[in-house]
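Participant: Below is a structure I'd like to ask you about.
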Amino acid sequence: MQIFLSAFDDVPDPRASNARHDLGELLVIAFVSVLCGSASCAEMAAFGRAKERLFRDFLKLKHAIPSHDTFSEIFRVIDPKALDAAFGKVLADVAALLKEGDVIAIDGKALRGARDKDESARTRMMVSAYASRLRLTLATVTADRGTELDAAIEALGLIALKGKVVTGDALHCNRRTVAAINAGGGDWCLALKGNQESLLSDARGCFSNLKDGHPVASSADTAHGRKETRTGVVVSAKALGEYHEFPGLKGFAKIDATRDTGGKVTSQTRYFALSWMPTPEVLLATVRDHWAIENALHWQLDVSFREDAARNRKDNGPGNIAVLRRRALDVVRRDTSKGSLSIKLKRAGWDEAFLCSVLNGL
């Protein structure tokens, strides 16, 4: 647990110098409670009181467990970026396991409950940069009222991109984002849609008259009562990068996907802009890896942590508690014992020995 206390020392404390509760200790209680299923400041305080004996083994708690109002006040004022950076230090040894060619997926997730009735469901978002193979959040930045693109570029600036492949949806297929990735020494594979209409039109033209024998790769998956077949192909487009003033563009990719669900067959063609020329097999694997941010991060946040139902709304509160959820997911995934993720999270709440083993495994 000392590793968390040391990391939290770097989180600036905006409170007055006579604040009663130590910031690092409060953050430890909050994080452990979220790891065990707490979804609100009231639940953090209740969990802390229920586990006070456990916390006193490694915390001083001069003024006992903070109240829910204290938790709420803290999360409203501390900086989510500083909090996420502290967790980045704790998990730095995991991030160091990134390899050449690893996929870093970038995407935003709306905090649907963190809004008032007159606000859009996408008023508040968290944009995450996610290491698909490691299943680790490398950086997360809050995005308010349409600033998802800016938050994504900021998140990418916090990561060592050299030798990695950044993937993203069509929002991120723009000159600002690719310039940021290029500056960091990374490559990119970005979905190409109507927001880059001229580029998309030329991409389609590149695939209209491929010669016989052009390299093609296929893959198939069967799961949850459906079968999906994907065929991928890559073509060069370096000259078009200069023509469209799209820095670093070297190729286009096309994936034709066919899905059979109980006899109902649907098909879809997707296009991608590329900064390097992968083989069709590598292309299929890269695009497939991108979906880890949806399936292994966003879906788990909703199913295991009930993020869509979370009603934290004030100031920095939604962003800070969203950081705790993402980092709790990172930490529990380090545990190698048998059992589903949901079972491990529940078990951490009632089995103190298991909880300690998860935290001590860092």
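Participant: Distance between Cα centroids, segment 309-362 to segment 55-87: provide it in whole Å.
Facilitator: Rounded to whole Å, the Cα centres lie 16 Å apart.
Participant: Name all residues of segment 189-218 having a backbone nitrogen under 16 Å from the label point set 7 Å from the Cα of residue 245 along its Cα→Cβ direction, giving them as ranges.
Facilitator: Correct set: 196-199.
Participant: Now for a different question. For segment 3-87, what is the accessible area per residue in Å² when the probe is 1.4 Å?
Facilitator: I get 45 Å² per residue for segment 3-87.
Participant: Related question: Quick one: ranking 236, 40 by accessible area, 1.4 Å probe, largest first, what do you get?
Facilitator: Largest accessible area first, the residues go 236, 40.
Participant: I need the calculated FRET efficiency for the pair residue 67 and residue 294, taking r as the beta carbon distance and R₀ as 56 Å, to the nearest 0.05.
Facilitator: Computed FRET efficiency for residue 67 and residue 294: 0.90.
Participant: I would also like to ask the following. Helix-only mean residue ellipticity at 222 nm, the chain, DSSP H runs n ≥ 4 weighted -39,500 (n - 2.57), per residue, nearest 500. What is it?
Facilitator: -11500 deg cm²/dmol
Participant: For a quick check, take a GNM of the chain with Cα springs below 10 Å and name the residue from 196, 300, 268 with the largest mean-square fluctuation.
Facilitator: With Cα springs under 10 Å in the chain, the top fluctuation among 196, 300, 268 is at 268.
Participant: Ok, one more. With every protein chain left in place, what is the accessible area of residue 270 in Å² (1.4 Å probe, nearest 10)?
Facilitator: Accessible area of residue 270: about 50 Å².
Participant: To continue, here is another question. Can you give the FRET efficiency to the nearest 0.05 for residue 198 and residue 336, using r as the Cβ-Cβ distance and R₀ = 56 Å?
Facilitator: Computed FRET efficiency for residue 198 and residue 336: 0.70.
Participant: Follow-up question, since we're still on this one. For a quick check, take a GNM of the chain with Cα springs below 10 Å and name the residue from 296, 223, 257 with the largest mean-square fluctuation.
Facilitator: Largest GNM mean-square fluctuation: 223.
Participant: Just to confirm, what accessible area per residue do you get for segment 268-354 at 1.4 Å probe, in whole Å²?
Facilitator: For segment 268-354, the per-residue accessible area is 45 Å².
Participant: Using 15 Å as the cut-off for backbone N distance, which residues of segment 24-51 belong to the label zone defined by a point 7 Å from the Cα of residue 3 along Cα→Cβ?
Facilitator: Hits in segment 24-51 for residue 3 at 15 Å: 32.
Participant: With bins 5 Å wide starting at 0, give me the P(r) of segment 105-258 over every alpha carbon pair, in whole percents.
Facilitator: In order of increasing distance, the bins hold 2, 8, 15, 17, 16, 16, 14, 8, 3, 1, 0, 0 percent.
Participant: For segment 226-314, rounded, prolate or oblate, judged on the Cα gyration tensor with a ≥ b ≥ c (square roots of eigenvalues), a/c < 1.5 rounded, else prolate if a/b > b/c?
Facilitator: oblate
Participant: Leaving ligands, DNA and RNA out of it, rank 197, 43, 73, 228 by accessible area with a 1.4 Å probe, largest first.
Facilitator: 197, 73, 43, 228
Participant: Next up: Compute the angle between helix 280-290 and the longest alpha-carbon principal axis of the chain, please, reported from 0 to 90 degrees and rounded to the nearest 10.
Facilitator: Tilt relative to the chain: about 30 degrees.
Participant: Place +1 on the Cβ of every Lys and Arg and -1 on the Cβ of every Asp and Glu in segment 1-97, take the dipole about the Cα centre, and give the residue among 87, 5, 66 whose Cα lies farthest towards its positive end.
Facilitator: Towards the positive end, the residue furthest out is 66.
Participant: In the Gaussian network model of the chain, springs joining C-alpha atoms below 10 Å, which of 338, 81, 162 carries the largest mean-square fluctuation?
Facilitator: Maximum fluctuation in the GNM of the chain, among the listed residues, is at 338.
Participant: Would you work out which of 45, 141, 232 lies farthest towards the positive end of the dipole of the chain, given +1 charges on the beta-carbon of Lys and Arg and -1 on that of Asp and Glu, about the Cα centre?
Facilitator: Among 45, 141, 232, the one farthest towards the positive end of the dipole of the chain is 45.
Participant: Please report, in debye to the nearest 20, how large the charge dipole of segment 238-336 is about its Cα centre when each Lys and Arg carries +1 at its beta carbon and each Asp and Glu carries -1 there.
Facilitator: Using only the charged Cβ atoms, the result is roughly 280 debye.
Participant: Roughly how many percent of the accessible protein surface of the chain is carbon and sulfur, given a 1.4 Å probe and a whole-percent answer?
Facilitator: Percent of accessible area from carbon and sulfur atoms in the chain: 49.
Participant: Also: Evaluate E = 1/(1 + (r/R0)^6) for residue 356 and residue 92, where r is the Cβ-Cβ distance and R0 equals 25 Å; express this FRET efficiency to the nearest 0.05.
Facilitator: Computed FRET efficiency for residue 356 and residue 92 comes out at 0.70.
Participant: While we're on this one: Please report, in debye to the nearest 20, how large the charge dipole of the chain is about its Cα centre when each Lys and Arg carries +1 at its beta carbon and each Asp and Glu carries -1 there.
Facilitator: My answer is approximately 680 debye.
The values are calculated or read from the model by the stated rules, or taken from the named source; none is laboratory data. Note that the coordinates shown come from a computational prediction; the quantities given were computed from them, not determined experimentally. All Cβ positions, glycine included, derive from the backbone under ideal geometry; neighbour counts span all protein chains shown. SASA here: full protein model, heavy atoms, side chains in, ligands and nucleic acids out. Shrake-Rupley method; radii C 1.70, N 1.55, O 1.52, S 1.80 Å.
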